[in-house]
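Okay, structure first, notes after.
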Amino acid sequence: MDGRRTLPRQQRLQRNYEFRRVYEQGRKVQGRLAVLYVRETDARQPAAGFVTSSRVGNAVERNRARRLMRETWRLNKHRLKPNLEMVMVARTAMRGRSLRDVQEQLLAMFREAGILTEP
């Protein structure tokens, strides 16, 4: 892999305190497949974190849920406001869903949160 399709480190939330800051200071949008927490920052690039609990399913299902959320974010991050930190938490309903379903739901949540730069 050449690295162009990976998620750069500066665009990932990795530390527990980063996630906590978004949970506590951000706003929350709930959807059928996920819960979205969004916090505006002074950063130039958006950053995202992806969470799945054991209730989503076994390790394979949890990893797939995270991959679907990450891919949706990667494909649409150019449409998002640049100064954001967000955390996406998968719900059990995400199990067995396609990328199209997840993308449709998350884009609706992005619109509801008012973070898309274009309609």
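Each value in this text was obtained by applying a stated rule to the coordinates, not by laboratory testing. Fair warning: this is a prediction, and the values are worked out from it, not measured in the lab. Note: ideal-geometry Cβ built from the backbone for every residue, glycine included; neighbour counts use all protein chains shown.
Skipping prolines and chain starts, which residues have an amide H placed within reach, meaning under 5 Å, of the one on Arg12, given they are 5 or more residues away or on another chain?
For Arg12, the qualifying residues are Ala48.
Amide H to amide H under 5 Å from Leu84: which residues, 5+ apart in sequence or cross-chain, H placed 1.01 Å off N in plane?
Residues meeting the criterion, in which the H sits 1.01 Å from N, are Thr41, Ala47.
What ³J(HN,Hα) values, in whole Hz, does the Karplus curve 6.51 cos²θ - 1.76 cosθ + 1.60 give for region 10-24 when θ = phi - 60°, with x put for Gly and Pro?
In residue order, the calculated couplings are 6, 9, 10, 8, 10, 8, 4, 5, 5, 5, 4, 4, 5, 4, 7 Hz.
Counting only trypsin sites (Lys or Arg not before Pro) that are in a DSSP loop and have at most 10 other C-beta atoms within 10 Å, tell me the longest site-free stretch of the chain.
45-119
Wrap a convex hull around the Cα atoms of the chain, take a quarter of its surface area, and give that in square nanometres.
On the way: hull surface 29.7 nm².
In nm², the orientation-averaged hull projection of the chain is 7.4.
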